[in-house]
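One structure is given here, and the rest of the page talks about it.
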Amino acid sequence: MKSPRTDANEQRKVGAIILAAGSSRRAGSINKLLAPYSGTTMVAHIAQSVCESQADQVVVVTGYEQNRIEDALSPIKVACHHNSAHTSGMASSVVTGVSQLIETDAVLICLADMPHVSTCVINQLIIAFKGNTNKSIFLPVSNTTRGNPVLFSRVFFENLLKLEGDVGAKMLVQQHPDEVYEVVLDDDRILVDYDTPAELNKLALQST
């Protein structure tokens with residue numbers, strides 16, 4: 001029989017944030033998040049994977065080409081929140097997302113340009129969080145290399161809300177190594193993102 005403490009841990013709520021506000025400067029004339037992948041767009045594919053996970057809430061932070069991103073996500077049950085300060089850097093998008101999930105027990109920060117991150121990977125991070133109360137940062141590792149997404153317990157919400165400039169939440173990982181729990185995976189897709197036209201062409205070929 002499970003103890004009340006175990007039950008309480010399993011009931012902790014996890015919110016997921018998908019960062020989809022960037023301007024895709026390295027991708028040339030296209031918005032990389034709208035690049036075709038697996039019968040849909042890159043941003044819609046990762047959003048669907050997150051929605052199928054054990055996350056209790058899913059928030060997408062938009063910025064550049066807000067309307068086009070929201071149109072691509074319209075078939076999916078996510079809450080879109082616009083970051084009007086998206087040109088200031090990634091930190092403002094993290095702040096926008098966390099501010100919408102302040103009542104949860106943890107936030108999982110996902111990058112919209114990493115479409116190969118699977119529902120299974122997301123679930124393993126959430127399970128690790130619910131099963132370990134002595135750590136506050138959870139991230140996946142493949143072949144000793146740390147990848148994405150990264151989950152932060154509410155212990156770090158105040159820190160996340162104070163981020164500024166063109167820095168992501170991984171700065172906190174570097175500053176608090178003792179709080180990190182590594183989820184070891186045999187999946188190097190947690191390391192793969194898409195930025196340039198050549199990389200996006202490769203992604204398109206994987207979709208055919």
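The values are calculated or read from the model by the stated rules, or taken from the named source; none is laboratory data. Note that the structure is a prediction, hence the values are computed from the model and not measured. Virtual Cβ from ideal backbone geometry, glycine too; neighbours counted across all protein chains shown. Note: areas computed on protein heavy atoms with side chains; ligands, DNA, RNA excluded. Shrake-Rupley method; radii C 1.70, N 1.55, O 1.52, S 1.80 Å.
Condition check ((1) open to solvent by 60 Å² or more (accessible area, probe 1.4 Å); (2) in contact with a Phe, Trp or Tyr (Cβ under 8 Å, 6 or more places away or on another chain); (3) among the polar types (S, T, N, Q)) across all residues:
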| residue | (1), (2), (3) |
| --- | --- |
| Val155 | yes, no, no |
| Leu160 | no, yes, no |
| Val167 | no, no, no |
| Gln175 | yes, no, yes |
Residues to consider are Leu163, Leu200; find the one that is touching a residue at least 60 places away in the same chain (Cβ under 8 Å), under 17 Å from Gly22 (Cα atoms) and part of a helix (DSSP H, G or I). Leu200
Could you pull out every one of the helices (runs of 4 or more DSSP H) wholly within the range 42-159 that has 2 or more residues that are farther than 19 Å from Val184 by Cβ? 42-51, 66-73, 90-100
Somewhere in the range 131-138, is a residue open to solvent by 60 Å² or more (accessible area, probe 1.4 Å), farther than 27 Å from Asn31 by Cα and among the hydroxyl-bearing types (Ser, Thr, Tyr)? yes
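In the range 71-126, how many are among the polar types (S, T, N, Q) and in contact with a Lys or Arg (Cβ under 6 Å, 6 or more places away or on another chain)? Before you say what the answer is, go through the steps one by one.
Going residue by residue through the range 71-126, those that are among the polar types (S, T, N, Q) are 74, 83-84, 87-88, 92-93, 96, 99-100, 104, 118-119, 123-124.
Now drop any that are not in contact with a Lys or Arg (Cβ under 6 Å, 6 or more places away or on another chain), which leaves 104.
Total meeting the criteria: 1.
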Considering each residue of the range 100-113, count those that are within 14 Å of Val60 (Cβ to Cβ) and touching a Phe, Trp or Tyr at 6+ places or on another chain (Cβ under 9 Å), and give that number. 5
Test: Val184 is under 15 Å from the mean Cα position of the chain (by Cα) and exposed (fewer than 14 other Cβ atoms within 10 Å of the Cβ): no
If I filter the range 1-49 down to residues being in contact with a helix residue (DSSP H, G or I) (Cβ under 6 Å, 6 or more places away or on another chain), at pLDDT below 85 and open to solvent by 20 Å² or more (accessible area, probe 1.4 Å), which single residue comes out as farthest from Leu108 (Cα to Cα)? Gly28
Would you check if there is a residue in the range 110-122 being open to solvent by 20 Å² or more (accessible area, probe 1.4 Å) and at positive phi? no
Can you report the number of residues in the range 64-84 which are open to solvent by less than 40 Å² (accessible area, probe 1.4 Å) and within 18 Å of Gly168 (Cα to Cα)? 1
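Restrict the check to the range 190-205 and report whether at least one residue is open to solvent by 40 Å² or more (accessible area, probe 1.4 Å), within 19 Å of Lys13 (Cβ to Cβ) and out of contact with any helix residue (DSSP H, G or I) (no Cβ under 8 Å at 6 or more places or on another chain).
Quick first cut of the range 190-205, residues open to solvent by 40 Å² or more (accessible area, probe 1.4 Å) only: 191-193, 197-199, 201-202, 205.
Subset that is within 19 Å of Lys13 (Cβ to Cβ): none.
The answer is no, given that none of the residues of the range 190-205 is open to solvent by 40 Å² or more (accessible area, probe 1.4 Å), within 19 Å of Lys13 (Cβ to Cβ) and out of contact with any helix residue (DSSP H, G or I) (no Cβ under 8 Å at 6 or more places or on another chain).
Residue check: is Ile102 touching a residue at least 40 places away in the same chain (Cβ under 8 Å), surrounded by fewer than 13 Cβ atoms within 10 Å (Cβ to Cβ) and under 26 Å from Lys13 (Cα atoms)? First the steps, then the outcome.
Working: touching a residue at least 40 places away in the same chain (Cβ under 8 Å): yes; surrounded by fewer than 13 Cβ atoms within 10 Å (Cβ to Cβ): yes; under 26 Å from Lys13 (Cα atoms): yes.
Yes; evaluated as a whole, the condition is true for this residue.
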